[in-house]
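To keep things clear, I will list the structure first and then write my remarks on it.
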Amino acid sequence: MENWLSLCVVLLSVTCSCKAAGICSVPETRKSYVTTLAITMARSVGQCVTPDPSVLLALNLGQVKDPTAQDILINQLKKDSVERVSKNETFTSGKVALYVLALRSSCVDPSSIYVPEGTVDLVQLLEEKTREELQSFENNSSSSNASVKTTWYQVGLDIIGLCVMSKPYAITAAHILATHISLNIFGVDTAAIAAMGLVCVLEMENIPEGTHISVKTKLSDLLTYMLDQQNDGLIGNTYSTGLAGQAFLAAHPCYSLDSWDCAATIQKLIDLIPQKTFALPIAAAQLLPFLWGHSYVSVKQLPCLYSDAPLISVEFTIVNDLVGEHFKYSITVEVTEGSALLQVMEKAKELNPKEFSFQYKKYEWGVYITSINQLDGSNNDKTYWQFFSGINLLKQGVSDYIPENKEHIIAVFSKY
């Protein structure tokens, strides 16, 4: 057993982030079902809809991108996290972990969240809340009465979030989970989240030998438990199968490939998509990463150095000399290199909402700006907002155009 587990860890360090193609993948003829599900999930996002970090995380791990939905969610999650902390509202450890993962996967540094209403360090908050979850174990590790504050599912999410952010306390939390969680007290969804957390920790450095052994052993137990729950392609139930699939992808060097009929699992799940089984955004969000060959652990491998990402400076000017009270306002904003014009506008609105507020509509072909500074375009008056780079008319929409450093973007209220 020990030799097998040691081999597992060596393989994990090389392959746990690889895509499902090495194990199994969605057949080409059925990928349209996955794409449709992702588009439907993205369309659930809106300015007046409560943000779900799982949806943003799934979009970032997937092959179907919706920059507008992703930008909306990023801004909503940042604002919501600051409000929850400042108002001392309920913010469970698992929810904080999902916010951390969703923002990290968006190349937003979760340890430095800023909105006009305030700032918050979500990574520090996550560590504090994880310590609260496990306080009874740390105070008396031998006590049979010790228990987590909420659930092991949330602790599993906490470990993933801390590990992705390379926080050493993830190792301590993984050791406590590995030595105290019982196979009798949870379902497949908890086992899957816990397994992903342990897989992630096994890739970290400076793990004490005792912790290494306990984590490897518990990971083996969790995988065996989930393999035993297979039934007609499902693992546990319909909604736990996506998380279990993610766990198996993350930990695939640690079990025999012929012990899981992945092809049957994928076939079963795709058969359920047209039946609207995964119509709820949260159901789709937990399933899609698996169908795209990723897991929550994959966030750590995303090519994103948010802390070192270069910033560019963009000047943004809005002009109306056509109707009503004329105006001309300019602002210079800093955004991450590669940001779309829509993100420049969002940043301008964030810094000066009085003058740079705007509204837009989403269409299949992109985003259409309907209003800036409370001045609406009108089909009856044949007016609209036209965008220029210097004196050159932009040939791409605001969700597609990528400004360069020191570029001057001008939005002019125009008539056609």
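The values are calculated or read from the model by the stated rules, or taken from the named source; none is laboratory data. Note that the coordinates shown come from a computational prediction; the quantities given were computed from them, not determined experimentally. Glycine also receives a Cβ, built like all others from the backbone with ideal geometry; neighbour counts cover every protein chain displayed.
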Item to check | Boolean, R84 is crowded, with 24+ Cβ neighbours inside 10 Å and basic (K, R) | outcome: no
Residues of the range 230-265 being more than 18 Å from A195 (Cβ to Cβ) and out of contact with any Cys (no Cβ under 6 Å at 6 or more places or on another chain), in sequence order, are N231, D232, G233, T238, D258, D261, A264
Those residues of the range 322-348 that are basic (K, R) and either within 17 Å of F413 (Cβ to Cβ) or not assigned by TED's automatic domain parsing to the domain that holds Y401 (or both) come to a total of 1
Out of (1) surrounded by fewer than 18 Cβ atoms within 10 Å (Cβ to Cβ); (2) assigned to a helix (DSSP H, G or I); (3) modelled with pLDDT under 95, the one S142 does not meet is (2)
Being loosely packed, with under 12 Cβ neighbours inside 10 Å, small (G, A, S) and modelled with pLDDT of 90 or more narrows G377, G390 down to just G390
Within the range 319-333, restricting to residues that are among the hydrophobic types (A, V, I, L, M, F, W, C) and closer than 14 Å to Q374 by Cα, the one that is surrounded by the most Cβ atoms within 10 Å (Cβ to Cβ) is V319
With the first residue restricted to the range 39-57 and required to be of a type outside the set (V, I, T), and the second required to be outside any helix (DSSP H, G or I), Cβ contacts under 7 Å at 6 or more apart or on different chains are A42/D66; L56/S106
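Per-residue answers, yes or no, for (1) in contact with a Lys or Arg (Cβ under 7 Å, 6 or more places away or on another chain); (2) among the charged types (D, E, K, R); (3) within 30 Å of A38 (Cβ to Cβ):
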| site | (1), (2), (3) |
| --- | --- |
| E325 | no, yes, no |
| Y363 | no, no, yes |
| N380 | no, no, no |
| S389 | no, no, no |
| S414 | no, no, no |
| task | Test T217 against the stated conditions and say whether it is in contact with a helix residue (DSSP H, G or I) (Cβ under 9 Å, 6 or more places away or on another chain), in contact (Cβ under 8 Å) with a residue 40 or more places away in the chain and over 19 Å from R104 (Cβ atoms). | result | yes
